[in-house]
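These notes are about the structure you will find just below.
The values are calculated or read from the model by the stated rules, or taken from the named source; none is laboratory data. For clarity, every value in this text was computed on a predicted model and none was experimentally measured. Don't worry about glycine lacking a Cβ; one is built from the backbone with ideal geometry, like all the others, and counts go over all protein chains shown.
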Amino acid sequence: MAGSGITPASSIRDNKPRLSIIQIINMSVGFLGIQCGFGLQNANASRILQTFGADVHELSWFWLVAPITGMIVQPLVGHYSDKTWGRLGRRRPYFLIGAVLAAIGMCIMPNSAAFASYISALWVGAGMLFMMDASINVAMEPFRALVADKLSTDQRTAGFAIQTILIGLGAVIGSKLPSLLVKYFGVANTAGEGIAPPSVVFSFYIGAAILLAAILWTIITTSEYSPEDQLKYSGADPALEKEATSGLGQIFKDFASMPKTMKQLGLVQFFSWFALFSMWVFCTPALAQHVWGLPVGDTHSEAYNEAANWVGEIFSDYNLVATVYAFLLPFIAGKIGRKNTHAFSLICGGIGLMSIYLITGPENKELLSYSMIGVGIAWASILAMPYAILAGSIPPLKMGIYMGIFNFFITGPQILNGLIGGPIVKYFYGGESVYALVVAGIVLIVAAVSVIFVDDVDEVKKIA
């Protein structure tokens, strides 16, 4: 790349050993645990915060802790994991630290009411949401880099697809846990005012255990290439390693000289994650109001908790669809290209979100699962295709830092949405959260259009 001082991945030979399917699965099992935690959070955080007293227009402000911590933590972890090498390797120490801290936050968050005599349960819950997000980000970012570290170019799409499959399975488990505990074990789904239902509390305990176990599985079963082997397999100039592991100021230099493909994907990511944030934050109040017909202030009734549980059910549905669709991604991408695959998938997601507006009455709640088919298709692609495209355009020795910097294009739109989403719902939509989902669908289609203008370096090389 002229003037940047960085050798793009496309000009570096890639002779890494091919890994077996079992080896690829083992390195990504930890993501199943991480996503189990995220699945619980995405389906229940708004519910918990409303239980502790948050108004609907305040929800996006509390959810800001997630993208803000991601924006700060992921580039730092990416940078330092590029530099780290010890008994556990380069990426695995961060898996372990993040998993332990995330599990602690998951156990405390739904029990925030226990601290009410010292500080507001709402603020304890928000603090634990911050701790969970920061810790999960510490564990999550190195997983993206690990797949790129270990896999050759021709296995990369399959690697990220397998990671997406395991992400989907983890999210299905996390999203469904409260409903499963209520349905099969008779755990109570309601509690007193200001107290999270037992079904939610025990779900978070189980999710914490799954997260720890899954990450330990990856740590135990997966080895990492030493710095010398990584240099050998990449075929890079040894001088690049010194640059890749230089001081923290290098983060800013790398940001300024990011590859063109990364900038183009940044626009796609902006629209995609703006839409996803709206769905996660406002789906619970949207269903409670628009489908169950409840007033805006109802956050404790049996009907509200039924609607909240149903959010977990349909989130499980879209993650299950994503898991199945991820199996097809390498085949579809091989036929029509990664860009076209991603564009098609995002359009499906946009249609799915907009269709929620057409569903009213709790007797029609089953129809929401059909809306989630499109969302699941988009989610699978969002988790795989941008990373598969990106990995071919960045230097192997800077994989961690650039994966971390790429997270700016995920956290930035969420922060913007978090700042303006609540006021828009309150003042422009009259408190009707369902309109936030409709607009999210439109934004996903805009993201699909922007994909067409991305340069996929690996696909250009194939054609050449």
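Details
- Taking the listed residues ALA308, ALA275, ALA303, the one that is assigned to a helix (DSSP H, G or I), under 21 Å from the mean Cα position of the chain (by Cα) and over 24 Å from MET403 (Cβ atoms) is ALA308, with no other qualifying.
- Within the option set GLY168, GLY127, being more than 13 Å from the chain's Cα centre (by Cα) and either charged (D, E, K, R) or assigned to a helix (DSSP H, G or I) (or both) holds for one residue only, GLY127.
- Of all residues making up segment 262-303, the number that are small (Gly, Ala, Ser) and surrounded by fewer than 21 Cβ atoms within 10 Å (Cβ to Cβ): 4
- For the criterion of being among the charged types (D, E, K, R), modelled with pLDDT under 80 and in a helix (DSSP H, G or I), ASP82 passes.
- Screening segment 214-261 for residues that are of a type in the set (Ser, Thr, Tyr) and crowded, with 17+ Cβ neighbours inside 10 Å and picking the one that is modelled with the lowest pLDDT gives THR245.
- Checked against (1) assigned to a helix (DSSP H, G or I); (2) touching a helix residue (DSSP H, G or I) at 6+ places or on another chain (Cβ under 8 Å); (3) not β-branched (Val, Ile, Thr), GLU432 passes all but condition (1).
- Within segment 392-411, none of the residues are of a type in the set (A, V, I, L, M, F, W, C), free of Cβ contacts under 8 Å to residues at least 24 places away in the same chain and either crowded, with 21+ Cβ neighbours inside 10 Å or over 24 Å from MET140 (Cβ atoms) (or both).
- Filter result for the condition that a residue is over 15 Å from the mean Cα position of the chain (by Cα), surrounded by 24 or more Cβ atoms within 10 Å (Cβ to Cβ) and in contact (Cβ under 8 Å) with a residue 40 or more places away in the chain, over SER112, SER179: SER112
- Options VAL311, VAL291, VAL281; residue that is in contact with a Cys (Cβ under 7 Å, 6 or more places away or on another chain) and touching a residue at least 24 places away in the same chain (Cβ under 8 Å): VAL311
- Residues (in contact with a Lys or Arg (Cβ under 9 Å, 6 or more places away or on another chain), β-branched (Val, Ile, Thr) and modelled with pLDDT of 80 or more) located in segment 97-149: none
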